[in-house]
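S.K.: The following block contains the structure, expressed as structure tokens.
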Amino acid sequence: MLNYKTFRPLIFKSNPETAHSVLEFLCKMAPKIPYLLPFLAQKSCIEDTLLIQEIDGMRFYNPVGLAAGFDKNGTMIETLSALGFSFLEIGAVTPLPQQGNPKPRLWRHTFEESLQNAMGFNNDGTQSIASRIAEVYPFCIPLGINIGKNKVTPQEKAIEDYCALATNFQSISDYLSINISSPNTPNLRDLQNQDFLKALFLALREIYSKPIYLKISPDLGLDDILGLIEVSIKSGASGVMATNTTTDYSLVKNPQSLGGLSGKVLSSKSAEILKEIGKVYAKKTTIISVGGIFDAKEAYKRIALGANLVQVYTGLIFEGPLLAWRINQDLKELLNSEGLDNISQLVGVDL
Ligand SMILES: Cc1cc2nc3c(=O)[nH]c(=O)nc-3n(C[C@H](O)[C@H](O)[C@H](O)COP(=O)(O)O)c2cc1C
């Protein structure tokens with residue numbers, strides 16, 4: 001079996017965004033090759049009662065999902081599902097298509113096993129993405145849509161953008177995640193205030209009946225984070241995703257001066273925030289942990305700190321396409337060694 005890490009240095013010689021485009025091309029071609037996806041799925045998708053959970057009316061056959069930003073346009077859904085993820089988050093999608101920030105806008109910090117991105121919600125827009133998703137929906141695993149406002153939309157009209165997105169995806173998604181935590185759209189993070197979130201969730205609940213999760217930034221103070229989660233849940237949110245990327249550039253040796261950091265350097269910060277959220281909300285509301293998860297040990301730790309599910313992005317770039325399979329395989333062993341019958345028994349045990 002080819003080992004990803006042996007040819008990773010070669011991949012890492014290319015520009016990161018070019019590498020992603022090549023990968024996207026391959027993922028788009030893969031379903032056209034007879035027997036390839038069933039073969040991949042047979043190798044990567046682990047069906048085991050130890051890992052299955054029912055959460056917010058959705059069935060997750062394992063706890064590992066793909067985080068937002070990897071498949072921004074919903075062009076890789078079939079191939080990604082064959083890699084063993086139990087749910088996929090598409091987007092961020094904005095109402096109108098947008099180009100995102102000027103390139104270069106994605107960098108690797110190879111030594112720190114981290115990425116820095118300033119993409120700025122480059123995406124094909126609701127119309128194209130919704131028609132692409134409508135072709136596969138309902139899908140074999142839950143499909144979430146990460147939604148954000150257009151850069152040109154003034155702050156006072158932001159709710160209209162989120163509501164338009166919720167309307168368009170109501171019948172062709174399993175959940176929404178609200179992105180007001182990206183550092184790459186000017187002033188977006190200013191929307192992380194209680195008044196806005198209350199108005200937003202109350203408005204969204206008039207439109208969208210399925211789960212809606214709030215995705216938070218790791219750069220807020222803890223009291224702010226807990227306050228935002230409380231008001232969001234009271235106003236209709238189904239849970240929280242912690243966290244998005246960080247603008248703490250002191251975490252890497254040679255940072256760029258814009259964008260957000262993800263991967264290993266985000267890991268401890270993301271876990272610390274999760275722990276504090278977990279102390280208040282574990283088992284009471286859905287918690288999805290994301291940020292620097294590269295292996296089963298870290299996934300196990302996050303679930304023990306209160307997460308119901310985890311997501312990965314940067315780990316996939318550094319560990320390769322078998323990451324979800326490997327995490328699930330090793331999680332099974334960890335659960336067995338602890339004598340647990342199902343992963344849900346692990347949620348919050350370390351709090
Ligand atoms: C290139 C790139 C693009 C991203 N785009 C989005 C996005 O559109 N919406 C979003 O909510 N998060 C986005 N993220 C953040 C990830 O979903 C995730 O929260 C973050 O990278 C931490 O997880 P990780 O350390 O496993 O990568 C992006 C991350 C990267 C690296």
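The values are calculated or read from the model by the stated rules, or taken from the named source; none is laboratory data. None of the values given here were measured: they were computed from a predicted structure. So basically every Cβ, Gly included, is an ideal-geometry build from the backbone, and we count neighbours across all protein chains shown. All accessible areas refer to the heavy atoms of the entire protein, side chains included, with ligands and DNA or RNA removed. Shrake-Rupley method; radii C 1.70, N 1.55, O 1.52, S 1.80 Å.
S.K.: Could you tell me which of the residues PRO9, PRO34 is more than 23 Å from the chain's Cα centre (by Cα), free of Cβ contacts under 8 Å to residues at least 40 places away in the same chain and closer than 15 Å to PHE318 by Cβ?
M.R.: PRO9
S.K.: If THR75 satisfies every condition in (1) surrounded by fewer than 21 Cβ atoms within 10 Å (Cβ to Cβ); (2) out of contact with any Cys (no Cβ under 8 Å at 6 or more places or on another chain) but one, which is the exception?
M.R.: (2)
S.K.: Same structure, new question: Across region 217-228, what is the number of residues that are farther than 20 Å from ALA282 by Cβ and either hydroxyl-bearing (Ser, Thr, Tyr) or surrounded by 15 or more Cβ atoms within 10 Å (Cβ to Cβ) (or both)?
M.R.: Adding up the residues that qualify gives 2.
S.K.: Being open to solvent by 50 Å² or more (accessible area, probe 1.4 Å) and more than 12 Å from the ligand (Cβ to nearest atom) is true for just one of VAL231, VAL280, VAL252. Which residue is that?
M.R.: Only one candidate qualifies: VAL280.
S.K.: Considering only region 320-349, state which residues are within 16 Å of the ligand (Cβ to nearest atom), part of a helix (DSSP H, G or I) and open to solvent by 30 Å² or more (accessible area, probe 1.4 Å).
M.R.: Result: ARG326, single match.
S.K.: Kindly provide the set of residues from region 134-151 that are in contact (Cβ under 8 Å) with a residue 40 or more places away in the chain and either open to solvent by 100 Å² or more (accessible area, probe 1.4 Å) or among the β-branched types (Val, Ile, Thr) (or both), ordered by number.
M.R.: VAL136, CYS140, ILE141, ILE145, ILE147, LYS151
S.K.: Let me ask you something else. So is LEU214 open to solvent by less than 50 Å² (accessible area, probe 1.4 Å), part of a strand (DSSP E or B), farther than 19 Å from GLY91 by Cβ and touching a residue at least 24 places away in the same chain (Cβ under 8 Å) or not?
M.R.: Criteria not met by LEU214.
S.K.: Of all residues in region 184-217, which are modelled with pLDDT of 95 or more, closer than 14 Å to LYS149 by Cβ and not small (Gly, Ala, Ser)?
M.R.: Selection gives PHE196, LEU197, LEU200, LEU204, LYS215.
S.K.: Being at pLDDT 95 or above and among the polar types (S, T, N, Q) is the filter; apply it to region 169-183 and report the residue that is farthest from the ligand (Cβ to nearest atom).
M.R.: So, considering only residues that are at pLDDT 95 or above and among the polar types (S, T, N, Q), the one farthest from the ligand (Cβ to nearest atom) is SER171.
S.K.: Filter region 109-127 down to the residues that are farther than 19 Å from GLN256 by Cβ and surrounded by fewer than 18 Cβ atoms within 10 Å (Cβ to Cβ), then identify the one that is farthest from the ligand (Cβ to nearest atom).
M.R.: Ranking the qualifying residues of region 109-127, first place goes to GLN127.
S.K.: I need a count of the residues in region 152-163 that are within 19 Å of GLN127 (Cβ to Cβ) and surrounded by 21 or more Cβ atoms within 10 Å (Cβ to Cβ).
M.R.: 1
S.K.: For region 303-316, name all the residues that are within 10 Å of the ligand (Cβ to nearest atom) and surrounded by fewer than 24 Cβ atoms within 10 Å (Cβ to Cβ).
M.R.: Listed by number, the residues that qualify are TYR313, LEU316.
Here is a yes/no grid of residues against (1) in contact with a helix residue (DSSP H, G or I) (Cβ under 6 Å, 6 or more places away or on another chain); (2) within 20 Å of ASN62 (Cβ to Cβ):
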{"position": "GLN256", "(1), (2)": "no, no"}
{"position": "SER262", "(1), (2)": "yes, no"}
{"position": "ILE273", "(1), (2)": "no, no"}
{"position": "LYS284", "(1), (2)": "no, no"}
{"position": "ALA304", "(1), (2)": "yes, yes"}
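S.K.: Condition first: within 15 Å of the ligand (Cβ to nearest atom), open to solvent by less than 10 Å² (accessible area, probe 1.4 Å), hydrophobic (A, V, I, L, M, F, W, C) and touching a strand residue (DSSP E or B) at 6+ places or on another chain (Cβ under 9 Å). Can you find one or more residues in region 92-108 that meet it?
M.R.: There is at least one residue in region 92-108 that is within 15 Å of the ligand (Cβ to nearest atom), open to solvent by less than 10 Å² (accessible area, probe 1.4 Å), hydrophobic (A, V, I, L, M, F, W, C) and touching a strand residue (DSSP E or B) at 6+ places or on another chain (Cβ under 9 Å).
S.K.: Of THR247, THR286, which residue is more than 12 Å from the ligand (Cβ to nearest atom), under 15 Å from the mean Cα position of the chain (by Cα) and of a type outside the set (A, V, I, L, M)?
M.R.: Exactly one residue qualifies, and that residue is THR286.
S.K.: Within region 60-72, is even one residue within 11 Å of the ligand (Cβ to nearest atom), without any contact (Cβ under 8 Å) to a residue 60 or more places away in the chain and open to solvent by 10 Å² or more (accessible area, probe 1.4 Å)?
M.R.: yes
S.K.: If you don't mind, another one. Out of region 152-167, which residues are of a type in the set (D, E, K, R) and in contact (Cβ under 8 Å) with a residue 40 or more places away in the chain?
M.R.: ASP161
S.K.: Here's something else I'd like to know. Hey, any hits in region 30-53 for a residue that's within 16 Å of the ligand (Cβ to nearest atom), open to solvent by less than 10 Å² (accessible area, probe 1.4 Å) and hydrophobic (A, V, I, L, M, F, W, C)?
M.R.: Within region 30-53, not a single residue is within 16 Å of the ligand (Cβ to nearest atom), open to solvent by less than 10 Å² (accessible area, probe 1.4 Å) and hydrophobic (A, V, I, L, M, F, W, C).
S.K.: If you don't mind, another one. Test each condition in (1) more than 23 Å from GLU298 (Cα to Cα); (2) away from the ligand (no atom under 16 Å from the Cβ); (3) touching an Asp or Glu at 6+ places or on another chain (Cβ under 9 Å) for PRO211 and report the one that comes out false.
M.R.: Only one criterion is unmet by PRO211, namely (2).
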